[in-house]
1. Could you tell me which residue of the range 516-538 is surrounded by the fewest Cβ atoms within 10 Å (Cβ to Cβ), considering only residues that are under 28 Å from the mean Cα position of the chain (by Cα) and in a loop (DSSP other than H, G, I, E, B)?
2. If Lys201 passes every condition in (1) free of Cβ contacts under 8 Å to residues at least 12 places away in the same chain; (2) at negative phi but one, which one does it miss?
3. Taking the range 221-273 as the region of interest, how many residues are part of a loop (DSSP other than H, G, I, E, B), over 24 Å from the mean Cα position of the chain (by Cα) and surrounded by fewer than 16 Cβ atoms within 10 Å (Cβ to Cβ)?
4. Touching a strand residue (DSSP E or B) at 6+ places or on another chain (Cβ under 6 Å), buried (at least 24 other Cβ atoms within 10 Å of the Cβ), at pLDDT 95 or above and among the hydrophobic types (A, V, I, L, M, F, W, C) - does that describe any residue in the range 392-404?
5. Go through (1) over 20 Å from Ser105 (Cα atoms); (2) among the small types (Gly, Ala, Ser); (3) part of a loop (DSSP other than H, G, I, E, B) one by one and return the number of the condition Ala163 breaks.
6. Among the numbered criteria (1) at pLDDT 95 or above; (2) among the aliphatic types (A, V, I, L, M); (3) surrounded by fewer than 16 Cβ atoms within 10 Å (Cβ to Cβ), which single criterion is violated by Ala628?
7. Report, by residue number, each residue of the range 632-668 that is among the aliphatic types (A, V, I, L, M) and either crowded, with 20+ Cβ neighbours inside 10 Å or free of Cβ contacts under 8 Å to residues at least 24 places away in the same chain (or both).
8. Have a look at Ala692, Ala723, Ala707 and point out the one that is over 29 Å from Asn303 (Cα atoms), of a type in the set (A, V, I, L, M) and under 26 Å from the mean Cα position of the chain (by Cα).
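The values are calculated or read from the model by the stated rules, or taken from the named source; none is laboratory data. No experiment lies behind these values; they were computed from the predicted model shown. Heads up, the Cβs are rebuilt from the backbone with ideal geometry, glycines too, and the neighbour counts pull from every protein chain shown.
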Amino acid sequence: MTDDRTARRVQVRGIVQGVGFRPFIFQLAENYGLFGHVANTSSGVDIHVEGDPARIEDFVAAIGAQAPPLAQITAVETRRTEPGHYSEFQIIASRRDEGRATLISPDVSICTDCLREVRDPEDRRFGYPFINCTNCGPRYTIIDDVPYDRPKTSMRTFRMCPACQAEYDNPRDRRFHAQPNACSDCGPQVALEEDGKAILKADAAIRRAAALLADGRIVAIKGLGGYHLTVDAFNNAAVERLRRRKQREEKPLALMAPSLEAIRTFARIDPEEIEVLTSPQRPIVLLRKRRSHPIAPAVSPRNAWFGVMLPYTPLHEILLAQGFDALVMTSGNLSEEPIAIANADARARLAPIADALLTHDRDIRLRCDDSIVRKTDGVTRFLRRSRGYVPVPVFLQRRQPPVLACGGELKNTVCLLKEDRAFVSQHIGDLENLATYAFFETTIDHLQRILDITPEVLACDLHPDYLSTRYARERGELPLIQVQHHHAHIVSTMAENHLDGPVIGLAFDGTGYGPDGTVWGGEILIAETGGFERAAFLEPVPMPGSAAAIREPWRMAVSYLAHCFGDRHRDLDLSFWDAIDRDQAEILATMARRGVNAPRTSSLGRLFDGVAALMGLRHRVAFEGQAAMELEMLVDADDGGCYDFGWQVDGDQRRIEIAPIITGVVADLVRGVPGPLISRRFHTTLTALFAALCGEIRDQTGLDRVAMSGGVFQNAVFSTELARRLAQNGFQVFTQRLVPANDGGLSLGQAVAAAAIWAATG
């Protein structure tokens, strides 16, 4: 029999470690009557298989067709080899290759099998809050290095009991080499701390935490990627207390509900949203509020949406089962700080906020916030890409040099290129304090280590004062390529859609450093990966008080009025004037006219802010984009027509006129036109304007591909209607699905643009 054998070496790459891939291969080989072995390597999974040639062909075909649910195969490579004349098929010890190309699985939610066991009083893991198997549980947040084996994770301190070890060693068990495998006898344990002391453990700790929450108290709960601050979502006094202590004025707070049925009592959900809510990634999904609902008003004030997720750890499942229909689950931090992950850090930073800590003794190696998505036109769009999705790469059109891109200042992420993959980090946050900057540095070091990437080129933003830019400059041993902010936005869309260019790029956001020294943000570019030309832009207007105009949109309203009406602005019959200090407004108008502390901006985000302030929606914001969000949510009419618009041509560039739009809005306000209709007309005007501009640019250049990116495209009304109008006009429209359109996707664009520039310059 052995004389008739043929043998193949099969190398499988992708997310193939920690997902039950080796036992899958083991059982597959047994089913086909084949011999050999399988092992994890630093590059993926390596298989030696021998036996009947036809059966080997069927075996190889089945690898891709029948892979475990969490596996993501990117390549299956086979070659002939010499038979080893094995008498069985074995799973052998992992080994480390010279290079590493394996992909690491993200953290995923508890699977149905584990959920059934944790609820079964007869099961030995009944009520155990760290139950997991190869189909679920932590991955990215507990790993130190690859290959992904228990000694290279934070589980190495927990020695398995005989029963868990037997599961771990049995290739026919779904817990075979499930690295976080444990039970109540040998694994991590929860503890409840009050007044800095652990007073209860195990079941008693969870029951006490539930009792505190039911009593209106705040509990800090340690999850997969960090701590949450938690209160009963129906207790308004508790929610307001949490806001005061956390110093988070109005920004919506996330909810966790035990089931779809519970969610339906306070939010509307459609089948597409259900699919995302129940996915293994379990992100926060933005859902429309029901007109009448029982959730505390302080959870999401002046907002039409709730951010909702289902439980994704057994601890969450057990806690919610104590009688809660919804809990607030917001990041365990003070505003603008990174979430706490270490128990000592949580005691220090969260003690002034939380009345108790529900903690545990499994270390989190790297913090990872909850991901946030929104379904728009049937497509899942990221507002924040983190837990459940990182570190799955964006696959690129071709191999790239190893580049480290440092991202922007707000909603920071970093990106590492390796071959044809772009690894965009989890959400890091706003680089406005030392703690977040330390997290930024830690993330870079961790990703470089586990992905085995040594950058040859650095990329960053043009802005000289961004901390990410300073970091890149201080690493003086590597070539540095600075990528203009809006070029990076457009390239991020091009990268995930496998476009080189040229394209018409619509880059609309709040702030980006322009090469001319002004603040850009309403840009139409002719873009390729390696460069761009500015084709059109919003007419720049002053920002009185500079950054203060971002926090106080009424300043932009005054600037637009003074710009469009001159001295007549103060005579306009607007209720807007009743809500602000007229004397201060005149000072700002003078500052704007003289250019004193009033940098000029072409930002579309600032135009949204200014119109929102003129309409009396929001004079000051408590968080980024608040005014624009409320203007979007006001849209309530299907067809209200639009305001006049136009542009001036100067050579190859077009300057979009602000005055026709602002004068139209003002005229409607003076006439008493309802706010929902004004908001509708404003949105329609912008979509008609940019569609017309794209048409003119197409006539000039022949380009019919439009790539869209930037924070303004988080506005679902604007982005959806503009994309539809462009498509109706014969354009191919490309948007973002794999990374956020906001600055969370900026690092991807920086990395790919820098790679192209580096290749072109040698």
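1. Residue satisfying both the conditions and the ranking: Gly530.
2. Only one criterion is unmet by Lys201, namely (1).
3. The qualifying residues number 1.
4. yes
5. Unmet for Ala163, out of (1) over 20 Å from Ser105 (Cα atoms); (2) among the small types (Gly, Ala, Ser); (3) part of a loop (DSSP other than H, G, I, E, B): (3).
6. Exception for Ala628: condition (3).
7. Those that are among the aliphatic types (A, V, I, L, M) and either crowded, with 20+ Cβ neighbours inside 10 Å or free of Cβ contacts under 8 Å to residues at least 24 places away in the same chain (or both): Leu634, Val635, Val649, Ile656, Ile658, Ile661, Ile662, Val665, Val666, Ala667.
8. Ala707 is the lone residue from the list that is over 29 Å from Asn303 (Cα atoms), of a type in the set (A, V, I, L, M) and under 26 Å from the mean Cα position of the chain (by Cα).
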